[in-house]
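Participant: Below is one structure. I have some questions about it.
Read-outs: derived from the displayed coordinates by stated rules, not from any lab. Owing to the predicted nature of the structure, the values given are computational and were not obtained by experimental measurement. Every residue, glycine among them, receives a Cβ derived from its backbone with ideal geometry; neighbour counts consider all protein chains shown.
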Amino acid sequence: MTIHKMIDYEKNIKMRSNVRIENKKPKSGHKNNRCESKYLACPECDLLLQQILAVAGDKVHCPRCDYLLHRPRDQSISRTFALSLAGLFLLFPANFLPMIGVKALGSYHDGTLLDGAFTLFREGMWGVAILVFFSSIFFPVLSIVLSLLISGHLYFNRPNRHLSFWLRTLQHIDEWAMLEVYLIGIIVACVKLASMAELKFGLGLTAFVLLLFVSLMLANNFDRALFWQRIEQLKIHEKK
């Protein structure tokens, strides 16, 4: 370790407990407890900080760069469980019911979300077909299923040795689920076809839009820090 790195590390150790907290909605009976032996590094400036058990309404910022480290969500586990159930019910109609029907020159054709990927595959565009399938079907489905499994176990206080693996997997696949990009593509296609053919919107498109809103609400209400904390508590309780 060089001298400069040693000096920087010593400065980090001295500053590790100086996390700045904004408490906009103070609640009686709640305290901000410091973890004695757990630390985190700021994603922006790599400052070593001591973790804070913040409550809903708080905002935990890095004291060096003011990066928002944590913003606890109120009732995150129960809301994630409810939204995951709603997303699970929407998966079937969004993937298997007709989304858009096109009527032109006396013929009518409609298609589902899966048909788009299969059509690209039959046309020889294998790379695009695989990308569309994984980003618009596989990863969104896997994300909702994992969210349901994790939040369900935590909501009913059921320990499971796969919880940590499920949560790590969910964190990695979130950036690959691109339902909103697929919806933009649908809108662009509809605008171009509107002047050439008669369009009919099916129940599949309605379910797809609802699924997109559910996915956005899931991402907004998912408190990863709380989930990791509850998983650790279940592990300790299981050992006892």
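Participant: Does region 58-192 come out rounded, prolate or oblate, given a ≥ b ≥ c as the square roots of the eigenvalues of its C-alpha gyration tensor, rounded meaning a/c under 1.5 and, failing that, prolate meaning a/b above b/c?
Facilitator: Prolate is the answer for region 58-192, as a/c is 1.5 or above and a/b outweighs b/c.
Participant: Any idea how far apart Leu199 and Asp110 come out in nm if each label point goes 7 Å out from Cα toward Cβ?
Facilitator: 1.6 nm
Participant: Can you give the FRET efficiency to the nearest 0.05 for Glu238 and Arg71, using r as the Cβ-Cβ distance and R₀ = 22 Å? Spell out each step's value before the answer.
Facilitator: Details: r = 29 Å, r/R0 = 1.33.
For Glu238 and Arg71, the calculated efficiency is 0.15.
Participant: Can you compute the modelled spin-label distance between Ile173 and Cys45, with each label point 7 Å from Cα toward Cβ, in nm?
Facilitator: Inter-label distance under the simple model: 3.7 nm.
Participant: In nm, what is the difference between 0.36 nm times the number of residues separating Trp126 and Phe156 and their Cα-Cα distance?
Facilitator: Difference between extended and current length: 6.5 nm.
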